[in-house]
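Asks: Here it is, the structure, as C-alpha cells.
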Amino acid sequence: MRYVVIITLMGALLSACHEEEPTTICCFEPAGAAHYYINNQTSSEITFSFVTSEELGSQLIDSLPPIASRISVKILEDGIIGVNPQPSNSLKSLSIVRTDNGLGYQISRIDDDSWETTSRDFEAGEYGLTNYQLTINDSDF
C-alpha cells in the first residue's frame, strides 16, 4: 500500500511539473503584388530604364534588353504587405528611347492613371496580384 501512495504522489508531482509545449501561432499578413509591363506599340524598337521607388531601394535599372515593336514585356514585380502596389508605389521614374532615331522622353513622376490595369487576381479578400501595363505609341514621341 505504501508503494501505491508513493507512486500516486510521484505521478501527481510529475504531472504538476510538466509544462506544455508552446503553441506556435501563425500570423498571416495580407499582401498585394503587382507586375508591370511596357507595351511597345511604336513602329520602332525602344530601350528603357527606370528607377525603383525609395521602398525598393531607389535602384537604377538600365541593363534591360530593348523591346521590339508591337511587343509587351514585364519589367518589374513588386509585393507589399497590407497594400496592393500601384505603379507610383514601385517606380520613381522611367526613361524611354526609340532606337531608330534616338528620340526619347523621361517620366519623372509616375502617374498611376497612365497605367492600364490588365488583370486582377484577388483570390481571398481585397489583396492579390494586379498586372499593370504602360502602352507606348509613336505619338508619345
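Asks: Quote to one decimal, in nm, the extra length available between Asp113 and Glu45 on full extension: 0.36 nm per residue of separation minus the C-alpha distance between them.
Replies: Values: separation 68, 0.36 × 68 = 24.48 nm, distance 2.45 nm.
Result: 22.0 nm gained on full extension.
Asks: Order the peptides 96-107, 77-88, 42-53 from the highest to the lowest mean number of other Cβ atoms within 10 Å of their residues. Present the calculation step by step, with values, prior to reporting the outcome.
Replies: Numbers: 96-107: 14.6, 77-88: 16.6, 42-53: 18.2.
My ranking of the peptides, most packed first, is 42-53, 77-88, 96-107.
Asks: Note down the Stokes-Einstein diffusion coefficient of segment 34-122 in µm²/s, whole number, using a Kirkwood radius over alpha carbon pairs, 37 °C, and 0.692 mPa s.
Replies: Working: Rh = 13.8 Å.
Approximately 238 µm²/s, per Stokes-Einstein.
Every read-out reported here was derived from the displayed coordinates using simple, explicitly stated rules and does not represent laboratory data. Remember, predicted model here, so these are calculated numbers, not experimental data. FYI the Cβ positions are ideal-geometry reconstructions off the backbone, even for glycines, and counts take in every protein chain you see.
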